[in-house]
Amino acid sequence: MSLEDTRREYQYGRLNRESLKECPFDQFALWMEQAAQSDLSDPTAMCLATVDANGKPWQRTVLLKGFDRQGFLFYTNLGSRKAKEMAGNPNVCLIFPWMRMDRQVIIGGQVEKLTKTEVLKYFLKRPRGSQLAAWASKQSSRINSRQALETQFLQMKDKFAAGEVPVPDFWGGFRVVPREFEFWQGGENRLHDRFQYLFENGDWNISRLAP
């Protein structure tokens, strides 16, 4: 297999200035709705990039759990690598890779922690197994085996067998407050359509970018 020869044409559609919403949140809502209605797997999956104290970037996939004009929400263990890196540097980047639709959305901004009330409201909606997993996993720490993780899960299942699973004090959520969006639509002959929204002087300014 030759990676150099692996390519395809992007022919899903075009993106032009006239079709764009003036607000990037409205444009994102439109594309998210279209992605959710398509046959994409995990349309809410997004890559989250953070940077550590030495300037070293790292990425991982998390799930978007809500958005509005304030920002984009996700939840995690507060002792995880990403949470520690965000505590030291709140600048992050998200990317939604909807490649079956020849689309990407990139979002740059800063994170802020969600309130305990917001975290509790979401945690209570999680499946019980996911609630127990939040207690069982000391996220990003080294473990000896899969069996050790499963044993911890069973211990938590027994511990909270009698009632509701409480929110761990080491578990929480974040809001990415955007300052930049890029909407990317793949085009034939690599002439992709790219539009950037920058938040400047209290308003969103739109520019077309060269592919």
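For the reader, a short list of remarks on this structure follows.
- Computed log₁₀ I(q)/I(0) - Debye formula, equal Cα scatterers, no solvent, the range 162-211, q 0.27 Å⁻¹: -1.01
- Rolling a 1.4 Å probe over the protein chains gives residue 99 an accessible area of about 70 Å².
- Over 21 Å [Cα-Cα, the range 34-118], rounded percent: 32
- R0 of 35 Å, Cβ-Cβ distance residue 155-residue 36: FRET efficiency to nearest 0.05: 0.45
- Here the ratio of the Cα radius of gyration of the range 111-204 to 2.2 N^0.38 Å is 1.67.
- Based on protein heavy atoms only, the range 68-134 ends up with 50 Å² per residue of surface accessible to a 1.4 Å probe.
- On Cα atoms only, tilt of 24-37 relative to the major axis of the chain in degrees: 70
- Convex hull volume of the Cα atoms of the range 78-138, normalised per residue: 136 Å³.
- Residue 184 contributes about 30 Å² of solvent-accessible surface, heavy atoms of the protein only, 1.4 Å probe.
- Atom-type composition of the exposed protein surface of the chain places 49 percent of the accessible area on carbon and sulfur (1.4 angstrom probe).
- Dimensionless Rg ratio for the range 105-159, taking C-alpha atoms and the 2.2 N^0.38 Å reference: 1.49
- Leading residue at positive end of dipole, the range 112-211 (Cβ point charges), from 174, 195, 135: 135
- For the range 147-180, chymotrypsin sites (Phe, Trp or Tyr not before Pro) meeting the loop criterion (DSSP other than H, G, I, E, B) and having at most 15 other Cβ atoms within 10 Å: 160, 170.
- Dipole magnitude (debye, nearest 20) for the chain, charges at Cβ of Lys, Arg, Asp, Glu: 800
- Which listed pairs, of 21/138; 21/56; 56/138, have C-alpha distances above 30 Å, in listed order: 21/138; 21/56
- Only lysines eight or more places from residue 65 in sequence, or on another chain, were considered; those with a Cα closer than 20 Å are 82, 113, 116, 121, 125.
- Note on the chain: the C-alpha convex hull projects to 15.6 nm² when averaged across all orientations.
The values are calculated or read from the model by the stated rules, or taken from the named source; none is laboratory data. Computed from a predicted model, the values in this text were never measured in an experiment. Methodologically, a virtual Cβ is constructed for each residue, glycine included, from the backbone with ideal geometry; neighbour enumeration extends over all protein chains shown. Side chains are part of the model used for accessible areas, which takes the heavy atoms of the whole protein and leaves out ligands, DNA and RNA. Shrake-Rupley method; radii C 1.70, N 1.55, O 1.52, S 1.80 Å.
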